[in-house]
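Undergrad: Submitted below is the structure of interest, expressed as structure tokens.
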Amino acid sequence: MKYLARIVGVIGFVSIIGAFPTWSENSQYFGTLSKYVKENYTQQDHMIPMRDGKRLFTTVYIPRDTSQKYPILMTRTPYKTDTYINPIGLGRDFALEGFIFVYQDVRGRYQSEGDFVNVRPHKPVKKGPADIDESTDTYDTIDWLINNIPGNNGKVGLWGISYLGFYTTHGIIDAHPALKAASPQAPVTDWFIGDDFHHNGAFFLADAFSFISSFGVPRPKPTKEHAPRFDFKMTDGYRFFLELGPIRNVNEKYFKKGIPFWNDLMTHGTYDEFWKARDPLQHLRNVRPAVMTVAGWFDAEDLWGTLAVYRTVEKHNPGIFNILVMGPWPHAGWSFFDGSRLGALRFGSKTSLFYQKNIALPFFNYYLKDKGELDLPEAYVFETGANEWRQFDAWPPEGAVEKPLYFHENGHLRFEPPAQPKKGAFDEYLSLPSRPVPYIGKIQIGRSGAEYMVADQRFAATRPDVLVYQTDVLTDNLTIAGPVTARLCVSTSGTDSDWVVKLIDVYPDDQPDNKPNPMKVRMRGYQQLVRAEIMRGKFRNSFESPEPFVPNEATKVKFVLPDALHTFRKGHRLMVQIQSSWFPLVDRNPQKFVDIYTATESDFQKATQRLYRSGKNISSIVLTVLPEESK
């Protein structure tokens, strides 16, 4: 149980009770698995030397049955190897099947030697043993393992979730010949454009603060101990961060400039060389191992990176085996929960167990054991709303078409543009930094968790600083399969502004409640968030070179919301909400063109925001729709 709590604390699940299967269910499952592994595997600990002389702490679990040779399944972690006691995370079927499981503390973390660098940049040109990166550390580890661990068959698989997925992505760059298969899962990819701490340049305050306040504490020497978690001394995150004031106060009140990576965040407020060097996508060329990229549609942290890694490998490595797997999961939910539900949503089956047995295990068995047939499709994806697994030969599916939704007067949302556009037609609201729109309709603190990704949006729909548009009741099912693009024409009375777009599935007024229903959620008229994203307006044309808005001038702002595969069922409605704050998930924009990380309280100002919906200033949300014949 204590190990599960540690995993959850690191990965960032917050809204556990009611959102996921109970702790007792998971504790019993992992307890049984741990007992099996202790009885059937032998544990070894090693300090594996790297090319520059540093040694990395590595735990190895070897099957006691020596009648055959086994492939190695390896993951590299910054979160301490015993966090992953035994082969949990892959599932029971992997333990029963038999692999040599390897868990390694990455350089500079816990018991490994060397210096830790957050999202360490890859070095494409190396001049000697001192030029190390995550690719070389992975290579050197694999080379040592296949030459020193008894009973291995010379084949290695690599996998990892979240930050561990980052290390998996780097492991397939200049890969060791023995690395035959890799599975980046919800991989951290770009911490400025789309993952974790920034989305389109907007700073994800609650997650960054909660994570870095403990994870970012320097480790002066190798240790088994965890840094203490930050004590908020209250339960209301909205209140905590509002009372904090401008972001500059974090160092003044709490960190005292003692957390190096927080200082990096505060001093690299644009997409400069610091961030560009940390983007692994540019190095995903000449990939040789088979790749299976995995994540959940409701991943609150690294959904962007998952889709980016899959697409980049697909584009630049023709001919290799490269597939995408997406389920109805939160961050890491396919490993730590059975995948039957999330928040108020029910998926009709234990989707995580299906994935582990029917997708993940066949993939690694085929490439590491030469076992079985591999008939996995290019995209094995779960269709939410319809609650069924789908298989496609491409992602987005071939035949999917773009279909714009247009904003009309009186809050109407239609697939037809306004028939007689009125010159200068717009809707407006007053955005107050002193009263930002919350991202979820309940009290919580710490990391955002996944529940907000599917949460009822009625709490926001009633606010005067949120524009709400919805369609008529659907007479047929409508399935979106791919990205959603916001094409807005907006203005602000300030010189900067955030724009948040939320795509929502509105349930009918006769929708029955879930049974059982321990949280007493009323599903009648439920406004389920399907997709949402934010654009920090000053980055609308360039992440490298921000530019101010001209006050009250109609301006085009275009950005992409992550892909979805979701069916809006007959009898439901589509809704779009537009707002300029999403707090404290995202920090407050002063609505003034300044460096937000050094802004003072006097820089924050109210602003009148307008969404234009006519003529040359028309706004729309473009869906990627799957035609009926493709279903």
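Undergrad: Restrict the check to the stretch 565-577 and report whether at least one residue is touching an Asp or Glu at 6+ places or on another chain (Cβ under 9 Å), of a type in the set (V, I, T), modelled with pLDDT of 95 or more and assigned to a strand (DSSP E or B). Before you say what the answer is, go through the steps one by one.
TA: Of all residues in the stretch 565-577, those touching an Asp or Glu at 6+ places or on another chain (Cβ under 9 Å) come to 565-575.
From what's left, of a type in the set (V, I, T): 567.
Okay, now just the ones that are also modelled with pLDDT of 95 or more, so 567.
Now narrow it down to the ones that are assigned to a strand (DSSP E or B): 567.
Among the residues of the stretch 565-577, at least one is touching an Asp or Glu at 6+ places or on another chain (Cβ under 9 Å), of a type in the set (V, I, T), modelled with pLDDT of 95 or more and assigned to a strand (DSSP E or B), which makes the answer yes.
Undergrad: Just give me the residues in the stretch 572-631 being among the basic types (K, R), closer than 30 Å to Q528 by Cα and surrounded by fewer than 19 Cβ atoms within 10 Å (Cβ to Cβ), in sequence order. Show your work before the answer.
TA: First pass over the stretch 572-631, keeping only residues among the basic types (K, R): 573, 588, 592, 606, 610, 613, 616, 631.
Subset that is closer than 30 Å to Q528 by Cα: 573, 588, 606, 610, 613, 631.
The answer is R573, K606, K631.
Undergrad: When you go through (1) surrounded by 14 or more Cβ atoms within 10 Å (Cβ to Cβ); (2) closer than 21 Å to E383 by Cβ; (3) of a type outside the set (V, I, T) one by one for D476, which number turns out not to apply?
TA: (1)
Undergrad: Would you pick out the residues in the stretch 493-519 that are under 24 Å from R569 (Cα atoms), in contact (Cβ under 8 Å) with a residue 60 or more places away in the chain and of a type outside the set (A, V, I, L, M)?
TA: Residues satisfying the conditions are K502, D505, Y507, P508, N514.
Undergrad: Answer yes or no as to whether A206 is in contact with a Leu (Cβ under 6 Å, 6 or more places away or on another chain) and in a helix (DSSP H, G or I). Explain how you work it out, then say what you get.
TA: On the way: in contact with a Leu (Cβ under 6 Å, 6 or more places away or on another chain): yes; in a helix (DSSP H, G or I): yes.
Criteria met by A206.
Undergrad: Among the residues in the stretch 112-129, are any within 28 Å of the chain's Cα centre (by Cα) and part of a helix (DSSP H, G or I)? I'd like the intermediate steps shown before the answer.
TA: Going residue by residue through the stretch 112-129, those that are within 28 Å of the chain's Cα centre (by Cα) are 112, 115-124.
Remaining after also requiring part of a helix (DSSP H, G or I): none.
No - not one qualifying residue is present in the stretch 112-129.
Undergrad: Could you please let me know if H408 is in contact (Cβ under 8 Å) with a residue 24 or more places away in the chain and either touching an Asp or Glu at 6+ places or on another chain (Cβ under 8 Å) or in the same structural domain as K69 (by TED's automatic domain parsing) (or both)? If you could, list the steps in order and put the result at the bottom.
TA: Working: in contact (Cβ under 8 Å) with a residue 24 or more places away in the chain: yes; either touching an Asp or Glu at 6+ places or on another chain (Cβ under 8 Å) or in the same structural domain as K69 (by TED's automatic domain parsing) (or both): no.
It is false that H408 is in contact (Cβ under 8 Å) with a residue 24 or more places away in the chain and either touching an Asp or Glu at 6+ places or on another chain (Cβ under 8 Å) or in the same structural domain as K69 (by TED's automatic domain parsing) (or both).
Undergrad: Cβ contacts < 9 Å: first residue surrounded by fewer than 24 Cβ atoms within 10 Å (Cβ to Cβ), restricted to the stretch 310-330; second residue among the basic types (K, R), any location; separation 6+ or different chain. Result?
TA: H316/R285; N317/R285; N317/R288; I320/R288
Undergrad: List every residue pair whose Cβ atoms lie under 9 Å apart, where the two residues are 6 or more positions apart in sequence or sit on different chains, the first residue falls within the stretch 33-49 and is among the acidic types (D, E), and the second residue, located anywhere, is surrounded by 13 or more Cβ atoms within 10 Å (Cβ to Cβ) and assigned to a helix (DSSP H, G or I).
TA: These pairs meet every condition: D45/T81.
Undergrad: Residue pairs, Cβ under 8 Å, 6 or more apart or interchain, first in the stretch 205-219 and over 15 Å from G449 (Cα atoms), second of a type in the set (S, T, N, Q). List them.
TA: From the stretch 205-219, the pairs are G216/N118.
Undergrad: Have a look at V287, V294 and point out the one that is surrounded by 23 or more Cβ atoms within 10 Å (Cβ to Cβ) and of a type in the set (V, I, T). Write out each step before concluding.
TA: Details: V287 fails: surrounded by 23 or more Cβ atoms within 10 Å (Cβ to Cβ).
When all the criteria are applied, what remains is V294.
This table checks each residue for (1) within 15 Å of P396 (Cα to Cα); (2) polar (S, T, N, Q); (3) at pLDDT 95 or above.
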position: R278; (1), (2), (3): no, no, yes
position: R285; (1), (2), (3): no, no, yes
position: M292; (1), (2), (3): no, no, yes
position: W297; (1), (2), (3): yes, no, yes
position: L307; (1), (2), (3): yes, no, yes
position: T312; (1), (2), (3): yes, yes, yes
position: N317; (1), (2), (3): no, yes, yes
position: F321; (1), (2), (3): no, no, yes
position: M326; (1), (2), (3): yes, no, yes
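Undergrad: Restricting to the stretch 183-203, name every residue that is over 12 Å from the mean Cα position of the chain (by Cα) and more than 18 Å from Q282 (Cβ to Cβ).
TA: S183, N200, G201, A202, F203
Undergrad: Whether any residue in the stretch 152-170 is part of a loop (DSSP other than H, G, I, E, B), surrounded by fewer than 20 Cβ atoms within 10 Å (Cβ to Cβ) and among the small types (G, A, S) is what I want to check. Give the derivation first.
TA: Taking the stretch 152-170 as the starting set, the residues that turn out to be part of a loop (DSSP other than H, G, I, E, B) are 162.
Filter again for surrounded by fewer than 20 Cβ atoms within 10 Å (Cβ to Cβ), leaving none.
For the stretch 152-170, residues part of a loop (DSSP other than H, G, I, E, B), surrounded by fewer than 20 Cβ atoms within 10 Å (Cβ to Cβ) and among the small types (G, A, S): absent.
Undergrad: Please determine whether any residue of the stretch 228-238 is among the hydrophobic types (A, V, I, L, M, F, W, C) and surrounded by 20 or more Cβ atoms within 10 Å (Cβ to Cβ).
TA: Let us first name the residues in the stretch 228-238 that are among the hydrophobic types (A, V, I, L, M, F, W, C), namely 230, 232, 234.
Within this subset, residues satisfying the condition of being surrounded by 20 or more Cβ atoms within 10 Å (Cβ to Cβ) are none.
There is no residue in the stretch 228-238 that is among the hydrophobic types (A, V, I, L, M, F, W, C) and surrounded by 20 or more Cβ atoms within 10 Å (Cβ to Cβ).
Undergrad: Only one of these conditions is not met by F539: (1) among the aromatic types (F, W, Y); (2) crowded, with 23+ Cβ neighbours inside 10 Å; (3) touching a Lys or Arg at 6+ places or on another chain (Cβ under 7 Å). Which number is it?
TA: (3)
Undergrad: Could you please let me know if D496 is more than 30 Å from K276 (Cα to Cα) and at pLDDT 95 or above?
TA: Values: more than 30 Å from K276 (Cα to Cα): no; at pLDDT 95 or above: yes.
In short, no.
Undergrad: Mind checking which pairs have a first residue in the stretch 240-257 that is not assigned by TED's automatic domain parsing to the domain that holds N589 and a second that is surrounded by 13 or more Cβ atoms within 10 Å (Cβ to Cβ) and in a loop (DSSP other than H, G, I, E, B), Cβ under 6 Å, 6 or more apart or different chains?
TA: F240/F232; F241/P584; P246/A599; I247/D587
Undergrad: Filter the stretch 586-616 down to the residues that are outside any loop (DSSP other than H, G, I, E, B) and either at pLDDT 95 or above or aliphatic (A, V, I, L, M) (or both) and list them by number. First the steps, then the outcome.
TA: Restricting attention to the stretch 586-616, the residues satisfying the condition of being outside any loop (DSSP other than H, G, I, E, B) are 596-598, 601-603, 607-612, 615-616.
Listed by number, the residues that qualify are I596, Y597, T598, E601, S602, D603, A607, T608, Q609, R610, L611, Y612.
Undergrad: Next question. Residues that are under 24 Å from the mean Cα position of the chain (by Cα): which strands (runs of 3 or more DSSP E) entirely in the stretch 388-461 hold 2 or more of them?
TA: Working: elements: 388-392, 401-407, 426-431.
Qualifying strands (runs of 3 or more DSSP E): 388-392.
Undergrad: A further question follows. Out of curiosity, is R435 in contact with a helix residue (DSSP H, G or I) (Cβ under 8 Å, 6 or more places away or on another chain) and not polar (S, T, N, Q)? It would help to see each step written out before you state the result.
TA: Working: in contact with a helix residue (DSSP H, G or I) (Cβ under 8 Å, 6 or more places away or on another chain): no; not polar (S, T, N, Q): yes.
No, not satisfied.
Undergrad: Which numbered condition in (1) surrounded by fewer than 19 Cβ atoms within 10 Å (Cβ to Cβ); (2) in contact with a Ser or Thr (Cβ under 7 Å, 6 or more places away or on another chain); (3) not polar (S, T, N, Q) is the only one that D105 fails?
TA: Among (1) surrounded by fewer than 19 Cβ atoms within 10 Å (Cβ to Cβ); (2) in contact with a Ser or Thr (Cβ under 7 Å, 6 or more places away or on another chain); (3) not polar (S, T, N, Q), D105 violates only (1).
Undergrad: Report whether or not Y507 is under 16 Å from G343 (Cβ atoms), buried (at least 18 other Cβ atoms within 10 Å of the Cβ) and in the same structural domain as I596 (by TED's automatic domain parsing). It would help to see each step written out before you state the result.
TA: On the way: under 16 Å from G343 (Cβ atoms): yes; buried (at least 18 other Cβ atoms within 10 Å of the Cβ): yes; in the same structural domain as I596 (by TED's automatic domain parsing): yes.
Yes, satisfied.
Undergrad: Starting from residues that are within 22 Å of N249 (Cβ to Cβ) and either of a type in the set (S, T, N, Q) or not assigned by TED's automatic domain parsing to the domain that holds G494 (or both), keep the ones in the stretch 589-614 and report whichever is nearest to the chain's Cα centre (by Cα).
TA: Ranking the qualifying residues of the stretch 589-614, first place goes to N589.
Undergrad: Follow-up. For P417, which of the numbered conditions (1) at pLDDT 95 or above; (2) under 28 Å from I480 (Cβ atoms) fails to hold?
TA: (1)
The values are calculated or read from the model by the stated rules, or taken from the named source; none is laboratory data. Computed from a predicted model, the values in this text were never measured in an experiment. Cβ coordinates were reconstructed from backbone atoms using ideal geometry, including for glycine residues, and neighbour counts include every protein chain displayed.
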